[in-house]
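> There's a structure below that I have some questions on.
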2 protein chains.
Amino acid sequence: MEKFTRNKRVVAITKILLESPNKILGLNRFSELLNAAKSTISEDIVVVREVLEKLKMGRVETIAGVAGGIKYIPQSGEEEKKDFALEICRQLSDDGRVIPGNIIYMTDLMYNPKIISKAGVMLSSCFQGKEVNYVITVETKGIPLAYEVARNLGVQLVIARRDSQVTEGPTVTINYVSGSNGRLQQMSLSKKSMKPSSKCIFIDDFMKGGGTAIGIKDLLKEFDSELVGIGVLVDNKQIEKKLIDEYVSIVELKAVDKSAIIGIQPSKIFS
Amino acid sequence: MEKFTRNKRVVAITKILLESPNKILGLNRFSELLNAAKSTISEDIVVVREVLEKLKMGRVETIAGVAGGIKYIPQSGEEEKKDFALEICRQLSDDGRVIPGNIIYMTDLMYNPKIISKAGVMLSSCFQGKEVNYVITVETKGIPLAYEVARNLGVQLVIARRDSQVTEGPTVTINYVSGSNGRLQQMSLSKKSMKPSSKCIFIDDFMKGGGTAIGIKDLLKEFDSELVGIGVLVDNKQIEKKLIDEYVSIVELKAVDKSAIIGIQPSKIFS
């Protein structure tokens, strides 16, 4: 079997680590694939760790013990986060985005893999260390972002539906009141989708009054589970009184009127 | 500014390439970040290319010219694809998945980043070279998979909705007939979501009669755009007469009854 040089081994190790964020990978796997001793792989990992840290591209942790190995934790540098938040502001500041009802059209951003993959890393790093079991969202616009946060945290995604579906088996349905317009809404989640006593993060595109977040909290109670964090791309600051207070956002929106978007800026933690 | 050794440069180059699949990246970017001459970076790229090809982890192409650079094309090896398709079969063959209506519960797989990221690479590689502009899906279950295919092809995701939404601006709505039960259904797409004369790939979780695919085809006509490929995770072979004939699937389902799933196997191209 072919031997690889260190140059080549570190490429393969980097690829495998990046594809399994927040998962513990045993050194055996690398050792077998690359036909190298575990001590050699350990030295390779030092190289990978050093350059990723130096360039603020993420952390590589070593986990000791029988079930030990290494774990890649996606992260971005402070400058990169700030630049990204500013770029989102720039893109959202376009007049052409205001649609009837003083709503900002932002579906293109929410479905743009280039943007969502970066936003996913940024939001996931806010919940690192919370021992999250699931990332939850309500269909539809927040799904790609929630997926990316789940992928980066190495956990399963769960999606609450507006209607219960035949393909979901038995479901739990709750009613909740929209925080912005007071209207009664519904969401459903399959009984099969979550184990009890789980810790969940709620991810969405937009935070208005916080009604949906309260809905998610109530829904999770039905699964004997807990909401331990909330993250959104855009926080609408026009609604000052929110139903919840703890959440993170990437940008903040101050005002929208028919002709223009006024005051969109990076959120405090990313500025 | 610090200089990096080749060992370290190849780690950084690998990370950047993997994060922008199917995008042309100029060598300047690497040269500046790593404080190295372009000729040095070119040699680094040879190392990255060789090991990724050797281990069947993807291809690195060089694009000549002013707008040139390098492009990473995600791929998986034949063995890996086969193992993955078999693993999906194994997971779906569980009796506990059969829910009333002889439906297989597969939401957990569709929302599992570990599975969907691999399936996304496999399906995207079937459409490589088709010069795709968008990946389209209909809400909800296929969204993570469609997102991964879009990410791997380096294009925008587009999601048709069941109802038109206020947040989408002007929409085009079409009616279509479900291929399996003949019922009339609706889907809507924002006028803002797609440029005319685009080539699109339709990605979904499940192929039954092909009615949804016909619906997507009709919807795309309204955008003067074209459907150039279809990919699904599971092809339901119980319905023999499909409304469409060209599509790729990862696994094929032969029969389901109340107590068990009979005959699920990798699709021909992955076996």
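The values are calculated or read from the model by the stated rules, or taken from the named source; none is laboratory data. Just so it is clear, the model here is predicted, and its values are computed rather than measured. Glycine also receives a Cβ, built like all others from the backbone with ideal geometry; neighbour counts cover every protein chain displayed. Accessible surface areas use protein heavy atoms only, side chains included; no ligands, DNA or RNA. Shrake-Rupley method; radii C 1.70, N 1.55, O 1.52, S 1.80 Å.
> Tell me which of B:Ser20, B:Ser93, B:Ile115 sits at the most positive position along the dipole axis of the protein assembly as shown, charges placed on C-beta atoms (Lys, Arg +1; Asp, Glu -1).
With unit charges placed on the Cβ atoms, the residue in question is B:Ser20.
> Which of the lysines could a cross-linker span from B:Lys8 if the Cα-Cα distance has to be under 17 Å and same-chain partners fewer than 8 positions apart are dropped?
Of all the lysines, those that pass the test against B:Lys8 - Cα under 17 Å, at least 8 places apart if same chain - are A:Lys8, A:Lys15, A:Lys54, A:Lys56, B:Lys38.
> I would also like to ask the following. Enter the buried accessible area of the A/B pair, total of both sides, probe 1.4 Å, in Å² rounded to the nearest 100.
Working: alone 14270 and 14280 Å², together 23360 Å².
Chains A and B together bury roughly 5200 Å² of accessible area.
> Normalised by the number of residues in chain A, what is the relative contact order in percent for Cα pairs under 8 Å and 6+ residues apart? Each step should come with its number before you reach the end.
On the way: 512 pairs, mean separation 43.5, N = 271.
Once divided by the residue count of chain A, the mean separation gives 16 percent.
> In region A:152-237, which GluC sites (Glu not before Pro) are in a loop and have at most 15 other Cβ atoms within 10 Å, using DSSP for the loop call? Write down the numbers at each step before the final one.
Values: sites: A:Glu168, A:Glu222, A:Glu226; in loops: none.
Sites meeting the loop and neighbour criteria: none at all.
> Still on this structure: Between region B:209-271 and region A:187-265, what is the separation of their alpha carbon centroids in Å?
Their Cα centres are 35 Å away from one another.
> Which residues make up the longest stretch of chain B that has no trypsin sites (Lys or Arg not before Pro) in a DSSP loop with at most 10 other Cβ atoms within 10 Å? The partial results should precede the final answer.
Values: sites that count: B:Lys3, B:Arg183, B:Lys241, B:Lys258.
Result for the longest clean stretch: B:4-182.
> A follow-up question, please. Relative to the longest principal Cα axis of chain A, at what angle does helix A:38-54 sit, 0 to 90 degrees, rounded to 10?
That helix lies at roughly 40 degrees to the long axis.
> Just from its helices, what would the mean residue ellipticity at 222 nm be for chain B, if runs of 4 or more DSSP H residues each count -39500 (n - 2.57) and the sum is divided by every residue, rounded to the nearest 500 deg cm²/dmol?
Working: 8 runs with 94 residues, N = 271.
Helices in chain B give a 222 nm mean residue ellipticity of -10500 deg cm²/dmol.
> Under the definition of partner shielding as Cβ atoms of other protein chains within 10 Å of a residue Cβ, what is the mean value for peptide B:1-14? Don't jump to the answer; show the numbers that get you there.
Numbers: counts 0, 1, 0, 4, 4, 4, 12, 9, 3, 10, 17, 7, 2, 9.
For peptide B:1-14, the averaged partner shielding equals 6.
> Turning to a different aspect of this structure: Mind checking which lysines have their Cα closer than 20 Å to the Cα of A:Lys242? Skip sequence neighbours fewer than 8 apart in that chain.
Within the straight-line cut-off, A:Lys242 pairs with A:Lys208, A:Lys217, A:Lys254, A:Lys268.
> Looking only at B:Val138, B:Val172, B:Val251, which one moves most when chain B is put into a Gaussian network model with springs between Cα atoms under 10 Å?
So, out of B:Val138, B:Val172, B:Val251, the one fluctuating most is B:Val172.
> What is the mean number of Cβ atoms from other protein chains located within 10 Å of the Cβ atom of each residue in peptide B:133-143, rounded to a whole number?
Working: counts 0, 1, 2, 0, 1, 0, 7, 8, 7, 0, 10.
The per-residue average across the peptide is 3.
> Another one. I'd like the residues of region A:69-110 whose 1.4 Å-probe accessible area shrinks by no less than 40 Å² going from the isolated chain to the full set of protein chains.
Flagged in region A:69-110: A:Ile99, A:Ile103, A:Tyr105.
> Additional query: Once the principal axes of the Cα atoms of the protein assembly as shown are found, what is the range along each, listed largest first in whole angstroms?
Rounded to whole Å, the extents work out to 59, 57, 51 Å.
> While we're on this one: Label position 7 Å from Cα toward Cβ: report the copy-to-copy distances for B:Lys23 in nm, one decimal, ordered from shortest.
Those label-point separations list as 2.4 nm.
> Compute accessible area for region A:159-180 by itself and then with all protein chains, 1.4 Å probe, and report residues whose area falls by 30 Å² or more.
A:Ile159, A:Arg161, A:Val166, A:Thr167, A:Glu168
> Another question, if that's okay. Over region B:89-158, what is the relative contact order in whole percent, taking alpha-carbon pairs under 8 Å and six or more residues apart? Kindly include the intermediate steps, with their values, before the conclusion.
On the way: 65 pairs, mean separation 20.5, N = 70.
The value is 29 percent.
> Tell me whether chain A comes out rounded, prolate or oblate; compute the Cα gyration tensor, take square roots of the eigenvalues as a ≥ b ≥ c, and use a/c under 1.5 as the rounded threshold. Provide the component values of the computation, followed by the final result.
Working: a/c = 2.62, a/b = 1.55, b/c = 1.69.
In terms of gyration-tensor shape, oblate.
> Send over a whole-number figure in Å² for the accessible area per residue of the protein assembly as shown, probe 1.4 Å.
I get 43 Å² per residue for this part.
> Separation of region A:10-39 and region B:7-37 by C-alpha centroid, Å?
Taking the Cα centre of each part, region A:10-39 and region B:7-37 sit 21 Å apart.
> Probe radius 1.4 Å, ligands and nucleic acids ignored: give me the carbon and sulfur share of the accessible area of region A:160-271 as a rounded percent.
Values: 2560 of 5520 Å².
With neighbouring chains kept in place, the figure for region A:160-271 is 46 percent.
> Express the carbon and sulfur contribution to the solvent-accessible surface of region B:101-148 as a percent, rounded to the nearest whole number, probe 1.4 angstrom. Walk me through the numbers on the way to the answer.
Working: 520 of 1180 Å².
Of the solvent-accessible surface of region B:101-148, carbon and sulfur hold 44 percent.
> With a cap of 14 neighbouring Cβ atoms within 10 Å, and only residues DSSP puts in a loop, list the GluC sites (Glu not before Pro) found in region B:237-271. Can you show the working numbers first?
Numbers: sites: B:Glu240, B:Glu246, B:Glu252; in loops: B:Glu240, B:Glu246.
Listed in order of number, the matching sites are B:Glu240, B:Glu246.
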